[in-house]
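One structure is given here, and the rest of the page talks about it.
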Amino acid sequence: MWAKGAEEALDGQLLAGDPIGGIKQWYEQSVEYLNGVISLVRGDLTKLMRGSLVALITIDVHNCDIIKYFINDNTDSKKDFNWQMRIRYYWDDLIGNVGNCRIQQVNAEFIFAHEDLGASFRLGITPLSDRCYMTLTGALQQQLGGAPVGPATTGKTETTKDLARALGKCCVVFNCGDNVDYKFMGKFLKGLAQCGAWACFHEFNRINVEVLSVVAQQIITIQIALRSKAAELEFEG
C-alpha cells in the first residue's frame, strides 16, 4: 500500500540509511505507477471502470504531490507532522478474524466502514482540504461533530461528503428549512444512529430557534451515548 511504502522510505528501509534518497525513489515509483493507471484510461472501458480509474488517479495525483512536498521540505521521518497530518490507510491483520483497513490522521484512528458507494468521484484535494479533513477527523475522534464555515458555493458540503467517501461512510445531505420540527429531526437522527451514517445539514440556521434547542439536546444525547459506548439510547422525538 502507498502509506506503507512511504513510511518505509521515511524510515530509511527503501534506501538503507538515506530517507531523503528513499523518498525521491518512492516519488519516481509513484509517478511510474500513476502513468500506468493513466494509460489504462485511454483504453476501451465501461463507464463503471472509467469512473473507478478517474477516482484512483485523483487520489494518486495527490499522493505524488505529498511526496514531492516531502522532497522540497526535506522531510525525513514518519513522525514528522508533514506525514502525520495526512490521511493514511493500513491493513491490520489483528482487527477481526480476517483483518481490516485501519485509517489514521494525526491522533485520530478509524476502521474503514466498507459502505458500498459505487464508483463515486473524488474531489481534487488541496492544502485547505487537508486542513478541513484534519479538523473534522480530530472532532470525530472525540465523538463530536463539525461545522465548516465559509462563503456560499465554496465546497463545504462536498468536502464533508468527500471525507465520508474516504472513510467508507454513507453521508446523507439534508436541506433544512423552517418547516422542520423536533419530531421529524428525532426520526431522522434515529435512522442515522441505527445505520451509522453521517448527515450533513445544509442551511442548519434556517431551523426555528425553539426547534434548534431541542435538536441540540438530541445530538448531545447521541454524543454522550457514543462516548460511553452504550448499545441503546433514549432521547426526545
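List of remarks:
- Scanning the range 192-213 for residues that are β-branched (Val, Ile, Thr) and surrounded by fewer than 17 Cβ atoms within 10 Å (Cβ to Cβ) turns up just one, Val209.
- Subset of the range 149-164 (residues that are open to solvent by 40 Å² or more (accessible area, probe 1.4 Å) and not in a loop (DSSP other than H, G, I, E, B)): Lys156, Glu158, Lys161
- For the range 92-109, the condition of being touching a Cys at 6+ places or on another chain (Cβ under 8 Å), under 25 Å from Leu10 (Cβ atoms) and open to solvent by 70 Å² or more (accessible area, probe 1.4 Å) holds for none of the residues.
- Residue check for Arg122: closer than 21 Å to Ile57 by Cα, touching a residue at least 60 places away in the same chain (Cβ under 8 Å) and charged (D, E, K, R): yes
- Matching residues, the range 40-56, being β-branched (Val, Ile, Thr) and open to solvent by 60 Å² or more (accessible area, probe 1.4 Å): Thr46, Val54
- Note on the range 102-143: residues that are small (Gly, Ala, Ser) and under 13 Å from Thr159 (Cβ atoms) total 2.
- Pick from the range 3-39, criterion surrounded by 14 or more Cβ atoms within 10 Å (Cβ to Cβ) and in contact with a strand residue (DSSP E or B) (Cβ under 9 Å, 6 or more places away or on another chain), ranking: farthest from Ile66 (Cα to Cα): Glu7
- All conditions in (1) part of a loop (DSSP other than H, G, I, E, B); (2) without any contact (Cβ under 8 Å) to a residue 40 or more places away in the chain; (3) under 25 Å from Lys156 (Cβ atoms) hold for Leu94, with the sole exception of (3).
- Selection of the range 110-148 for residues being part of a loop (DSSP other than H, G, I, E, B), β-branched (Val, Ile, Thr) and surrounded by 15 or more Cβ atoms within 10 Å (Cβ to Cβ) yields only Ile125.
Listed here are the residues, each with its yes/no results for (1) of a type outside the set (Val, Ile, Thr); (2) touching a strand residue (DSSP E or B) at 6+ places or on another chain (Cβ under 8 Å).
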residue	(1), (2)
Ser77	yes, no
Phe81	yes, no
Asp92	yes, yes
Ile95	no, yes
Gly99	yes, yes
Val106	no, no
Glu109	yes, yes
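- Leu189, sole failed condition from (1) open to solvent by less than 70 Å² (accessible area, probe 1.4 Å); (2) more than 17 Å from Phe110 (Cα to Cα); (3) in a loop (DSSP other than H, G, I, E, B); (4) not charged (D, E, K, R): (3)
- Lys169 being at pLDDT 90 or above, in a loop (DSSP other than H, G, I, E, B) and open to solvent by 30 Å² or more (accessible area, probe 1.4 Å): yes
- The selection criterion, being within 28 Å of the chain's Cα centre (by Cα), within 18 Å of Ala164 (Cα to Cα) and not acidic (Asp, Glu), holds for Ala199.
- Looking at Trp2, Trp83, just one residue is at pLDDT below 90 and under 20 Å from the mean Cα position of the chain (by Cα), and that residue is Trp2.
- Single unsatisfied condition, Val180 versus (1) surrounded by 14 or more Cβ atoms within 10 Å (Cβ to Cβ); (2) aliphatic (A, V, I, L, M); (3) under 22 Å from the mean Cα position of the chain (by Cα); (4) outside any helix (DSSP H, G or I): (3)
The values are calculated or read from the model by the stated rules, or taken from the named source; none is laboratory data. Everything quoted here is computed from the prediction, not taken from an experiment. Cβ sites come from the backbone with ideal geometry, for glycine too, and all protein chains shown count toward neighbours. These accessible areas exclude ligands, DNA and RNA; they are computed on the full protein's heavy atoms, side chains included. Shrake-Rupley method; radii C 1.70, N 1.55, O 1.52, S 1.80 Å.
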